[in-house]
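Bear in mind that the values in this text are calculations on the coordinates, not laboratory data. Just so it is clear, the structure is predicted and the values come from calculations on it, not from any experiment. Here the Cβ positions follow ideal geometry from the backbone for every residue, glycine too, while neighbour counts run over all protein chains shown.
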Amino acid sequence: MRLKERVYVSASRVLPSSYRQHLSQMLLYTGEGQSVDYWLGSGTVLGLLVLIIALIAPFALQTAPITGFSVAEAAEVEEARVVPPGAGFLAGGALLFIIIQLIIYLVVYFKVEDRTRRAEKALPDALHLMAANIRAGMTPFQAMKLSARKEFGPLSEEIGYATAKALGTESFSDALLSIKQRIKSGMLDRVMQLFASSMKAGGHLAQLLEEVAKDISATRALKRELVTNTKMYTMLIMFTIVICAPLLQAISIHFVKVITDMQSKASAGDEGFGMSFLAGEVAMTPEFLIVISVVMLVTTSLLASMLAGVIVEGKGKYGLKYAPIVITGTLIMFFVFRHLITAFFGSMG
């Protein structure tokens, strides 16, 4: 074992064994045969490097020379460094470590979902081909083996793997039922169970496969119709998140900035000119509101992406693939609206 592999294996042991087993099964679903230690080890090493940098950075900042100040000013800056910024760096490093692990999991998850989607898409055609082979006089084993065409993608790979196992010591029925261990598809698992039980019962297998293929095609068509009917709602949600929310946040921040400026001018001038409504103090500064707005926009964009995933695929995690685009677009529109609103009202003033 090479040094790099040993480091990855050792680093992956930092994570819980239950999570490593879960991700190992997910990698098996991808059909790529990659090691879970490589995936988790590489991400863990990167995350640990980020944590180490986060621990070293505060000391580097504390010992950095202070230039451009007089002796008195430099002393004041040194006094301001009594509270080290290490806690913030450590929290940021821990957050980046979690984000790296989350990205690794999501990459594997989307690979599994893509493989499942391609297998389920090819399933009706494969079942029709199996039924035609059986009607031509082939045995169920021969019919399934010859239906493993290359254009069926992952489904062809799993059929070939199952038939190869059936040629050994394992029975054909058990080989069919073991497909669920290599591809995550409830639909495919139910079809294989029905196929195996029908062979044991001695029913009209060809007719059964054709009916199942028709039902699957009808279900997929209904799902596409539902997605089409709800597409307008998805577009409305995205329009609200990407356009309306940043615009309202930008207007609110500019309003607070205007009120703050008016208060500072009113306090500097004479009293008694009908400006008593500005006598109070605005506790929230525009800078604080910008930070809060960014956090709110990122959170709402993330939730909207998950909602879009539920509408499209029925799975919230599936919508996370849209999150980077939605979050980036929302933040860009927020800062664009801030610039436009500031320029517009500035020209009026």
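Key figures for this structure:
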| item | result |
| --- | --- |
| Cross-link pairs K150/K317; K200/K317; K223/K321; K121/K321 - those with Cα-Cα distance over 32 Å | K200/K317 |
| Mean Cβ count within 10 Å, highest first, over the residues of peptides 196-202, 334-340 | 334-340, 196-202 |
| Largest-first ellipsoid semi-axes for region 178-273, taking √(5λ) over the Cα gyration tensor eigenvalues, angstrom | 68, 16, 7 |
| Projected-area average for region 125-228 over all orientations - Cα convex hull basis, square nanometres | 6.8 nm² |
| Listed peptides 35-42, 284-291 by packing density, highest first (mean Cβ within 10 Å) | 35-42, 284-291 |
| 17 Å reach of a label modelled at Y38, 7 Å along Cα-to-Cβ, counting backbone N of region 1-20 | 1-13 |
| Two-site label geometry, K265 and C244: point separation in nm, points 7 Å out along Cα→Cβ | 3.3 nm |
| Extension gain (nm, one decimal) between Q21 and T230, 0.36 nm per residue minus Cα-Cα | 71.5 nm |
| Magnitude of the charge dipole, region 116-219, Cβ model with Lys/Arg +1 and Asp/Glu -1, debye to 20 | 180 debye |
| Per-pair calculated FRET efficiency, R0 = 56 Å: D189 and V291 via Cβ, rounded to 0.05 | 0.70 |
| By average C-beta atoms within 10 angstrom, highest first, the peptides 159-170, 317-328 | 317-328, 159-170 |
